[in-house]
Amino acid sequence: MLTSIAETAEQLRKGELSPVELTKNCLAQIEKLNPTLNAFITVTGGLALAQARDAEAEIARGNWRGQLHGIPLAMKDLIDIAGVRTTAASALYKDRVPAEDAEIVRRLKAAGAVLLGKQNLHECAYGGSSMISYYGEVHNPWDAARIAGGSSGGSAASVAAGLGYGAIGTDTAGSVREPAALCGIVGLKPTYGRVSVRGVIPLSLSLDHVGPITRTVSDAAVMLQAIAGYDGGDANSANIPVADYMASLREPWKPAKIGVPG
């Protein structure tokens, strides 16, 4: 069982854990379990190990970038990584290789995250089961005979199975939240405009969101902290300050009314 991102980050910062060993462990789990789960379309092992080695060297020199430095994560295969095919799980895009990173990938790289690869989904994000994919259906890690939900099914299945410490999904009508629920983990749909969608293959530009899929709420806060913020290249990006999400989690809980039916 993987520990939380915050706990793992502290061990990495102190030199008690190696980003390279973490990454090798995740890649080994992907090799072992992905044939059953079909959670990944593309595994970027070489890129991940290079990023892990860089992270290890930087941390050893005292240049720790923060809680995602050296942490293995992955992307739904709608999100551009330069030089890595981005397919949207569709034959239409099976040979598409972007030249630039999506804005969220740029931010994760700046935070020192290790990118394990691109995850399977319901084709073009247009469905809630992740059974419809050019690369085959995604299976739920709790019971391979059941669906993982969608459209971010591969991302949710991967995180639930411990193939990485977190993932980035997209949500237009429940596509982060539903698969997270079906796989027993956390999925967050941020406020519209809080996270850039530039470099993400769109389903509906006025409804698309990008958000973290994680094992815990605190892990979701750590990932959101890294990807949130204004992007001048995204016309719908909100130019407002980013809150301290981890500090918000430490505030005392107060009873609240979620909704009152009329």
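The values are calculated or read from the model by the stated rules, or taken from the named source; none is laboratory data. Since the structure is predicted, the reported quantities are computational estimates derived from the model, not experimental observations. Cβ sites come from the backbone with ideal geometry, for glycine too, and all protein chains shown count toward neighbours. Quick note on the areas: whole protein, heavy atoms, side chains included, nothing else; ligands and nucleic acids left out. Shrake-Rupley method; radii C 1.70, N 1.55, O 1.52, S 1.80 Å.
List of remarks:
- Leading residue by the ranking (surrounded by the fewest Cβ atoms within 10 Å (Cβ to Cβ)) among those in region 152-182 that are over 15 Å from Gln119 (Cα atoms) and touching a residue at least 24 places away in the same chain (Cβ under 8 Å): Ala181
Here is a yes/no grid of residues against (1) at pLDDT below 95; (2) within 19 Å of Gly136 (Cβ to Cβ); (3) more than 16 Å from the chain's Cα centre (by Cα):
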position	(1), (2), (3)
Asn34	no, yes, yes
Asp54	no, no, yes
Lys76	no, yes, no
Ile81	no, no, no
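- Remark: pairs (first residue in region 98-124, modelled with pLDDT under 95; second residue of a type in the set (Phe, Trp, Tyr); Cβ separation under 6 Å; 6+ apart in sequence or on different chains) are absent.
- For region 80-96, the criterion of being within 23 Å of Asp234 (Cβ to Cβ), open to solvent by 40 Å² or more (accessible area, probe 1.4 Å) and part of a helix (DSSP H, G or I) is met by at least one residue.
- From the list Ala235, Ala228, the one residue that fits, being at pLDDT 90 or above and under 23 Å from Arg177 (Cα atoms), is Ala228.
- Pair list, Cβ under 6 Å, 6 or more apart: region 34-56 residue in contact (Cβ under 8 Å) with a residue 12 or more places away in the chain, other residue aromatic (Phe, Trp, Tyr) and open to solvent by 30 Å² or more (accessible area, probe 1.4 Å): Ile41/Tyr135
- Which listed residue, of Asp219, Asp234, is part of a loop (DSSP other than H, G, I, E, B) and either surrounded by 14 or more Cβ atoms within 10 Å (Cβ to Cβ) or in contact with a helix residue (DSSP H, G or I) (Cβ under 8 Å, 6 or more places away or on another chain) (or both): Asp234
- In region 97-149, the residues that are on the phi < 0 side of the Ramachandran plot and of a type in the set (Ser, Thr, Tyr): Tyr126, Ser129, Ser133, Tyr134, Tyr135
- Pairing each residue of region 195-215 that is free of Cβ contacts under 8 Å to residues at least 12 places away in the same chain and within 17 Å of Ala88 (Cα to Cα) with any residue that is in a loop (DSSP other than H, G, I, E, B) and open to solvent by less than 30 Å² (accessible area, probe 1.4 Å), provided the two are 6+ apart or on different chains, yields C-beta distances under 6 Å for Pro202/Asp208.
- Within region 24-55, being farther than 20 Å from Gly169 by Cα and surrounded by 21 or more Cβ atoms within 10 Å (Cβ to Cβ) holds for Gln51, Ala52, Ala55.
- The listed residue being touching a Cys at 6+ places or on another chain (Cβ under 9 Å) and in a loop (DSSP other than H, G, I, E, B), out of Gly164, Gly70: Gly164
- Remark: Arg250 falls outside the filter, which requires a residue to be in contact (Cβ under 8 Å) with a residue 12 or more places away in the chain and basic (Lys, Arg).
- In this structure, Tyr192 does not satisfy being assigned to a loop (DSSP other than H, G, I, E, B), in contact with a strand residue (DSSP E or B) (Cβ under 8 Å, 6 or more places away or on another chain) and crowded, with 24+ Cβ neighbours inside 10 Å.
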